[in-house]
């Protein structure tokens with residue numbers, strides 16, 4: 001290990017032994033703006049390598065399963081969201097370790113990673129293509145940390161490619177089915193939740209995580225700041241799904257009515273609750289004692305409603321498709337509809353492409369009218385076409 005001055009920058013050079021195939025020395029370089037930063041990094045790296053030497057393990061000889069175990073622990077200490085941590089652990093324990101776990105970091109190659117992905121999802125239509133690609137991203141992220149810490153010379157996940165998949169369009173409820181569901185939900189305790197999902201376009205997890213502090217009923221505004229997901233046998237609050245999911249938007253009048261009805265219902269349940277038994281979580285949609293709603297109970301209630309309505313056996317989430325129908329049919333621009341529903345514009349177009357076909361007829365008619373107004377007439381038929389008609 002050496003600290004070298006390269007003009008305006010300082011470089012820490014680390015030798016990682018020799019490549020067993022070529023015999024060449026493997027070196028890593030880290031660049032810093034100041035000598036102090038370079039020296040501090042050198043001290044940290046030396047301490048880390050000394051610790052590993054005391055354990056009689058070369059960094060690159062560590063088994064992948066051992067490295068991933070420590071990597072998960074560090075992610076947990078760093079405060080990774082509970083749902084994300086759950087997904088990482090699932091991918092590692094179910095998809096990565098059974099095949100690659102006994103490989104040492106030094107022996108893990110792009111070819112092995114690629115074969116592992118190809119085995120998980122042989123074709124684009126494979127059922128496991130989506131989760132295989134997610135597991136690939138988890139592995140690549142972990143190996144990037146191993147590369148950063150000097151445990152491997154390069155990340156084999158960068159040269160490999162994740163499983164490819166054919167986009168699977170989720171079916172959604174039509175407007176007629178959505179209205180039938182709301183009619184069938186009358187009398188159900190969770191009817192305000194079902195109605196609000198339709199009128200707001202929130203994901204179910206966002207609705208379950210919604211707090212009264214996130215709602216401004218006077219101004220008709222709602223802010224999505226957290227969601228509520230089922231992790232490890234309990235409901236856990238976490239950050240919104242994506243950067244587009246954290247949003248503030250104006251509510252439809254019908255959504256405001258849903259919230260006002262829920263406010264009255266919750267006040268009644270709170271009064272009826274035994275002294276000290278109310279869990280004051282500030283949630284808009286909660287159990288009868290104020291605790292977070294369990295998704296299993298929500299699913300069972302929606303199944304009863306769905307059976308009464310006689311509609312297709314789709315999940316509550318599929319009401320968002322009907323919400324998109326309402327927004328687009330009302331002439332809301334796609335970019336605003338995407339913002340209200342927590343999508344990027346690209347994702348919105350991909351997800352609701354079938355709803356965007358009809359508006360293109362009107363767009364084409366408007367464009368045609370514009371061209372006619374500009375004096376652009378349809379070109380006369382060619383001489384050959386005229387002869388054919390004769």
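When you look at residue 129, is it surrounded by 17 or more Cβ atoms within 10 Å (Cβ to Cβ), farther than 21 Å from residue 70 by Cβ, touching a residue at least 24 places away in the same chain (Cβ under 8 Å) and within 23 Å of the chain's Cα centre (by Cα), yes or no?
Spelling it out, residue 129 is indeed surrounded by 17 or more Cβ atoms within 10 Å (Cβ to Cβ), farther than 21 Å from residue 70 by Cβ, touching a residue at least 24 places away in the same chain (Cβ under 8 Å) and within 23 Å of the chain's Cα centre (by Cα).
All but one of (1) touching a residue at least 12 places away in the same chain (Cβ under 8 Å); (2) surrounded by fewer than 22 Cβ atoms within 10 Å (Cβ to Cβ); (3) closer than 19 Å to residue 204 by Cβ hold for residue 342; which doesn't?
Failed condition: (2).
Just one of (1) modelled with pLDDT under 95; (2) assigned by TED's automatic domain parsing to the domain that holds residue 330; (3) part of a helix (DSSP H, G or I); (4) surrounded by fewer than 20 Cβ atoms within 10 Å (Cβ to Cβ) trips up residue 183, so point out which.
Only one criterion in (1) modelled with pLDDT under 95; (2) assigned by TED's automatic domain parsing to the domain that holds residue 330; (3) part of a helix (DSSP H, G or I); (4) surrounded by fewer than 20 Cβ atoms within 10 Å (Cβ to Cβ) is unmet by residue 183, namely (1).
Could you check how many residues of segment 77-106 are over 24 Å from the mean Cα position of the chain (by Cα) and at pLDDT 90 or above?
8
Checking the conditions here, which among 255, 250 is touching a helix residue (DSSP H, G or I) at 6+ places or on another chain (Cβ under 7 Å) and closer than 14 Å to residue 201 by Cα?
Among 255, 250, only 255 is touching a helix residue (DSSP H, G or I) at 6+ places or on another chain (Cβ under 7 Å) and closer than 14 Å to residue 201 by Cα.
Answer with yes or no whether residue 72 is at pLDDT 90 or above, closer than 10 Å to residue 142 by Cβ and part of a helix (DSSP H, G or I).
So residue 72 passes the test.
Yes or no, residue by residue, for (1) assigned to a helix (DSSP H, G or I); (2) farther than 18 Å from residue 199 by Cα; (3) outside the structural domain of residue 211 (by TED's automatic domain parsing); (4) without any contact (Cβ under 8 Å) to a residue 24 or more places away in the chain:
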position	(1), (2), (3), (4)
277	no, yes, no, yes
297	yes, yes, no, yes
303	yes, yes, no, yes
322	yes, no, no, no
349	yes, yes, no, yes
367	yes, yes, yes, yes
372	yes, yes, yes, yes
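Check segment 155-173 and report whether any residue there is in contact with a strand residue (DSSP E or B) (Cβ under 6 Å, 6 or more places away or on another chain), over 15 Å from residue 308 (Cβ atoms) and outside the structural domain of residue 281 (by TED's automatic domain parsing).
No: segment 155-173 contains no residue that is in contact with a strand residue (DSSP E or B) (Cβ under 6 Å, 6 or more places away or on another chain), over 15 Å from residue 308 (Cβ atoms) and outside the structural domain of residue 281 (by TED's automatic domain parsing).
Name the residue, out of 109, 104, that is without any contact (Cβ under 8 Å) to a residue 60 or more places away in the chain, within 30 Å of residue 12 (Cα to Cα) and either in contact with a strand residue (DSSP E or B) (Cβ under 7 Å, 6 or more places away or on another chain) or in the same structural domain as residue 227 (by TED's automatic domain parsing) (or both).
On the way: 109 fails: either in contact with a strand residue (DSSP E or B) (Cβ under 7 Å, 6 or more places away or on another chain) or in the same structural domain as residue 227 (by TED's automatic domain parsing) (or both).
Residue meeting the stated conditions: 104.
Output the number of residues of segment 214-243 satisfying the condition of being assigned to a loop (DSSP other than H, G, I, E, B) and at pLDDT below 90.
7
Considering only segment 222-247, how many residues are touching a helix residue (DSSP H, G or I) at 6+ places or on another chain (Cβ under 9 Å) and surrounded by fewer than 14 Cβ atoms within 10 Å (Cβ to Cβ)?
2
Can you tell which of 243, 225 is free of Cβ contacts under 8 Å to residues at least 12 places away in the same chain and not assigned by TED's automatic domain parsing to the domain that holds residue 76? Even if it seems obvious, please write down each step before you answer.
Values: 225 fails: free of Cβ contacts under 8 Å to residues at least 12 places away in the same chain.
The unique qualifying residue is 243.
So which residues in segment 54-69 are buried (at least 19 other Cβ atoms within 10 Å of the Cβ) and at pLDDT 90 or above?
Hits for segment 54-69 are 64, 67, 68.
If I go through segment 14-52 residue by residue, how many of them are modelled with pLDDT of 80 or more and assigned to a strand (DSSP E or B)?
Summing the residues that are modelled with pLDDT of 80 or more and assigned to a strand (DSSP E or B) in segment 14-52 gives 4.
The values are calculated or read from the model by the stated rules, or taken from the named source; none is laboratory data. All values derive from a computational prediction rather than experimental measurement. In this analysis, Cβ positions are derived from the backbone assuming ideal geometry, glycine residues included, and neighbour counts consider all displayed protein chains.
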